[in-house]
Every structure is written in C-alpha cells, then in structure tokens.
Amino acid sequence: MTRRILDLLRYGQPNEPVTIQGWVRTKRDQKSFSFVEVNDGSSLAGLQVVVNDDLPNYAETMKQANTGASVEISGVLVESPAKGQRIELKAHTIKVYGEADAETYPLQKKRHSFEFLRTIGHLRPRTNTLGAVFRVRNACATAIHNFFQERGFLWVHTPLITASDAEGAGELFTVTGLDFEKLPRTDAGEIDFSEDFFGRRAYLTVSGQLEAEIMAMAFTNVYTFGPTFRAENSNTSRHLAEFWMVEPEMAFCELEGNMDLAEAFLKHVFKHVLETCPEDMEFFNLRIDDSVLATAENIINSQFERITYTDAIALLEKADKSFEYPVSWGADLQSEHERYLAEDLFKKPVIVTDYPAAIKAFYMRLNDDGKTVRAMDILAPKIGELVGGSQREERLEVLERRVQECGLPIETLWWYLDLRRYGTVPHAGFGLGFDRLVQFMTGMGNIRDVIPFPRAPREAEF
Ligand code: 4AD
Ligand code: MG
C-alpha cells in the first residue's frame, strides 16, 4: 500500500518496506548513487530517497526522474546518516509516471518571487511556501468546523446568487443569465432586468449574513463558510474580489456574547494550527515573518482589549504619531489607525465597539444615544480588520427607519423585516475574513498568495 510521506517522516521505522508516490523536488547525482527528494504535498519536507547504481536501468531512470517528474518508488526505510532527517528510503524500484523537461520546467531550484509564482498559478502549489500555506489553510478550515460543530452550531449553506445587497455598500457583481447586450432597455435607457434569467437584477453575494439570520431564527446558532464577492477596489495586499468568509449568527445573543465567541473562536483556530502544522508554522517563522509564532502565542494567551470607537478616537488623537488620514469622531478607521491600536498601542487584538451609525451597515442595532450602533470589529496587529460583526437591529420600527435612512430598496428586504414581525429576538453575529486569517497566521505579505486561485481586478487566469 502506498504511504503518505508525512506519515513516514513522523512514524516510519527502519527496515519497513514502503511505497511512495509524489513529485521529484530535487535530484543530486553522485558517483555511484543519486539522492532524490520526493514530495507528495502531505508535508513541508520531502522524503530523501537513495538510489544506488545497481538499480535496474539506473542511468535511464535517473535521466527521467528530474525535478518536477512524477514517480512511484518502492524500497525499504533506513536510518538516515544525514542531519535534519530521521529516516530515508533506499529505493528498490522506481516508476516514472511523467517526466518534466528540465529545460522548460518553470520551478527551478532557486527562490522565486511570489509575483513570479502568481504567473504560474498552476505550478506554484508545488513550492515549499505555497504548500505550507495551503496545508495551514486546510487546518484553519478544519478548526473552524470543529469549533462550531462542538458547540452545536448548524452549518448552513447560503446562496451565492442573491437579489439583495447584504452590506448596503453597493459593491456588487451583477449576474446575468442572458447576453447583457440583448436585454431590453427602459425608456430612460437603463437595462431592464425583468427580462433576465431571474426576472430581476441578481448579484453575487457580498455576505451570507441576512440568509444566516433567517436560519438562526429557526436553529438558534448557525454559521456559514463559503465564498463571497465584492466589486470594490481590491488592489491592495489585503483585499480580494472573491474571498471566503465565516459568519456565525446567534439568536438570544447580544454584543458581549458575540465578542466572547469571536475571541474563543480565534484562540481555538490558532491552537489547532500550531498543534497540527508545527513544521509549516516554523517554516513561516523562519522564512516569511519572524513574529509568526510569537503572534500565534499572543492570540492564544492574551485577553483581547475591548474599547469603544469613541475611546479609540480619543487614543488616536493622543497618539505621538502622525497619520496620513486625519482622525476625527465620525470618520471610519483607516488601516493605519487600526494597526496603530493593535500593533503599537495594545500589542494584541483589539475589539472596537459602538461605531457611528453613519459609517456602518443598516442592520446594526442602534444604541440609546441614537448616534452609535452595536458594532464590533476585531483589529489585529499587522493586518488590521480581521473580523466585522454586530448585534442586529431586532426592533421592526427602528429597522424600517434605518433601511429608509440608508436609502436601500425596502421592497427587496420584506422578508428580512418579516423576521422582526414574527418571533423577533436579540441576535448577533460576525464575519471573519478567512483569507485574511490565513494571511495573518502565516505572515504572508499579500493575500493573493494565501488562496489557490486569487481573484482581483484584472486577475482571473483560470
Ligand atoms: O466587515 P464585513 O464587510 O462584514 C460583513 O460582511 C458582515 N455581514 C459580517 C457579519 O456580521 N456576518 O466583512 C467581514 C470580514 C472583514 O472583517 C474582513 O476580514 C473580510 O471579511 N473582508 C475581506 N477579505 C478579503 N477581501 C475583501 N475584499 C474583504 N472584504 C471584507
Ligand atoms: Mg467591516
């Protein structure tokens, strides 16, 4: 039976006969033998294979088993005399499935820039760094499901095609089932979507929150985990046009419960990744950002700071630092402000609550002061906003007023208002940017390098 390389590196014993399959990372020919490092994606390190020249067809096989070639190798594990590895494989038979021409194979042994690797998105998963990223990404996803499943949350599947703008921010991609050009126009010259596939204008979802609220009003605690889309200017190192979001929604829950859950959630995910991907995390600490491990420990062991927006503004005004964007009550926090609070001032995640209503979404619960809402953003060192959430407005009249004030089409939200007519209840939730979490955890500089197939302006190769 074929064994995965991670399993062998961890538990393989000398004298065990094994078969492995994978891709050649490096090959070094010596006088009477060759070293071949094979990687199957299960671990950062490959397995070192020693091929002696008494192997049948030695010369021919070694010519074929170049960097990038796919191979199946059977042999016996032996103790490794080399430093840094416990065991190696002494090859008895080698089958080369597919060769890779050394002249044209783009992944050479040298270090490639991440910009270059983005131009060969179909091959970059075979590099050390991207391999580690996608294993950590997978571990994060596992931890997320475990966290919610252990607490009795239902995973709900919210639609990717929707008719409403959940954030009311107008950053929507339109979906049309017909040829755009062929849709009729109104007298005013606007496209008439009533003739389109859905009989109305439809969009790619910016958030599953509103539908998650529907489900929370029946199942109490739910979460979504899936792709979301935003046609915003995502030409930054922290924005994607297509990104994954995790959105828990809890009935009978207010802002404090929401903050408690978010904090416990982040601690859980970091802990799981440190436990299951120690080699990958050490690699990031060594090669990408030497604060990665300390940051992870800090998340797990610190108590997150909790301050109001009003206090945050006061702290920023007092800061002995000049900002590019001016600080004033009512203005949204810019990334530089968020980073100052989390990175310089508190040196740990900061939960900022009670933002001005005018800069937050229509669904957030209005405070008694009439000016602020029960919002909460979690700001993290280096990355800024990692989580955005709130207690929701559960009072029908207040919500109707807010929808109107925000100039949103109330007729597309009749069902959302209905939830406040029938068995309304205080409820709250948040959205975690999954890709930002992976970026934060790994220390990767650009969010395009933590998702296998990034979508950003003018970036859609596959
Ligand atoms: O703050 P946002 O817009 O909140 C919502 O969408 C709410 N409906 C969430 C909720 O309460 N259920 O987005 C949530 C998070 C942000 O904090 C950020 O981490 C991430 O999603 N995010 C992005 N990540 C990558 N690329 C983008 N363009 C992002 N926009 C938001
Ligand atoms: Mg936000």
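Read-outs throughout are calculated quantities, based only on the coordinates presented, and are distinct from any laboratory measurement. If you're wondering where the values come from, they're calculated on a predicted model, not measured in any experiment. A quick note on method: Cβ atoms are made from the backbone with ideal geometry, for glycine too, and the neighbour counts reach across all protein chains shown.
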Arranged from highest to lowest average of other beta-carbon atoms within 10 Å per residue, in what order do the peptides 12-21, 198-207, 428-437 appear? 428-437, 198-207, 12-21
Lysines within cross-link reach of LYS27: Cα-Cα under 23 Å, excluding same-chain residues under 8 positions apart? LYS63, LYS83, LYS90, LYS95, LYS109, LYS110
If r is the Cβ-Cβ distance from ASP54 to LYS109 and R0 is 25 Å, what FRET efficiency results, to the nearest 0.05? 0.35
Show the residues, 5+ positions off or on another chain, whose built amide H is closer than 5 Å to the amide H of MET245. GLY226, THR228, PHE434
Quick query: amide H of ALA100 versus all other amide H atoms, modeled in the peptide plane; which residues come in under 5 Å with a sequence gap of 5 or more or a different chain? ASN66, ALA69
Selected from SER74, HIS112, MET364, residue furthest toward positive end of dipole (the chain; charges at beta carbon): SER74
Where in the stretch 145-178 does the label zone of ALA460 land, with the point 7 angstrom along Cα→C-beta and an amide N cut-off under 13 Å? 173-176
For the stretch 251-367, what is the convex hull volume of its Cα atoms per residue in Å³? 136 Å³
Once both labels are modelled 7 Å past Cα along the beta-carbon direction, what's the ASP418-TYR11 spacing in nm? 5.2 nm
Kindly provide the pair-distance distribution of the stretch 5-105 built from C-alpha pairs, with 5 Å bins from 0 and whole-percent values in order of increasing distance. 3, 14, 26, 28, 19, 9, 2, 0
With r defined as the distance between the Cβ atoms of ASP368 and GLU99 and R0 fixed at 56 Å, what FRET efficiency is calculated, to the nearest 0.05? 0.20
Taking LYS182 as the anchor, which aspartates and glutamates have their alpha carbon closer than 13 Å to its alpha carbon, excluding any fewer than eight residues away along the same chain? GLU190, ASP192, GLU195, ASP196
What span do the alpha-carbon atoms of the chain cover on each of the three principal axes, reported in whole Å from largest to smallest? 84, 57, 45
Protection proxy ranking of 81-94, 367-380 - average other beta-carbon atoms within 10 Å, highest first: 367-380, 81-94
Using R₀ = 41 Å, calculate the FRET efficiency as 1/(1 + (r/R₀)^6) where r is the Cβ-Cβ separation of GLU275 and ILE191; round to 0.05. 0.20
Report the full-extension gain for the segment ALA231 to ARG200: residue separation times 0.36 nm, less the Cα-Cα distance, to one decimal in nm. 9.2 nm
So the label point goes 7 Å from the Cα of ARG28 along Cα→C-beta, right? Which residues of the stretch 58-99 then have their backbone N under 11 Å from it? 82-83
Between HIS92 and ARG4, 0.36 nm times their residue separation minus their Cα-Cα distance comes to what? 29.9 nm
Could you check the simple spin-label distance between SER80 and SER302, using points 7 Å along Cα→Cβ, in nm with one decimal? 3.6 nm
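Net charge around ASN221, counting only other residues with Cβ within less than 13 Å of its Cβ (Lys, Arg = +1; Asp, Glu = -1)? Could you put the intermediate results ahead of the total?
Numbers: positive: ARG151; negative: GLU150, GLU213, GLU247, GLU249.
Summing Lys and Arg as +1 and Asp and Glu as -1 gives -3.
Net charge near PHE33, counting Lys/Arg +1 and Asp/Glu -1 over other residues with Cβ under 10 Å of its Cβ? Mind dumping the intermediate values first?
Numbers: positive: ARG28, LYS31, LYS90; negative: ASP29, ASP53, ASP54.
That sum, taken over residues with Cβ under 10 Å, equals 0.
Would you mind calculating the gained length between GLU181 and GLU405 on full extension (0.36 nm times residue separation, minus the Cα-Cα distance), in nm to one decimal? The partial results should precede the final answer.
Working: separation 224, 0.36 × 224 = 80.64 nm, distance 3.40 nm.
Net length gain for the segment: 77.2 nm.
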Angle in degrees between helix 292-301 and the longest Cα principal axis of the chain, rounded to the nearest 10: 50 degrees
Spelling it out for ARG392: with amide H atoms placed in the peptide plane at 1.01 Å from N, the residues 5 or more places away or on another chain with amide H under 5 Å from its amide H are ARG365, HIS427, ALA428, GLY429
Of GLY84, SER42, TYR97, which is farthest on the positive side of the dipole of the stretch 5-105, counting Cα position, with +1 on Lys and Arg Cβ, -1 on Asp and Glu Cβ, and the Cα centre as origin? GLY84
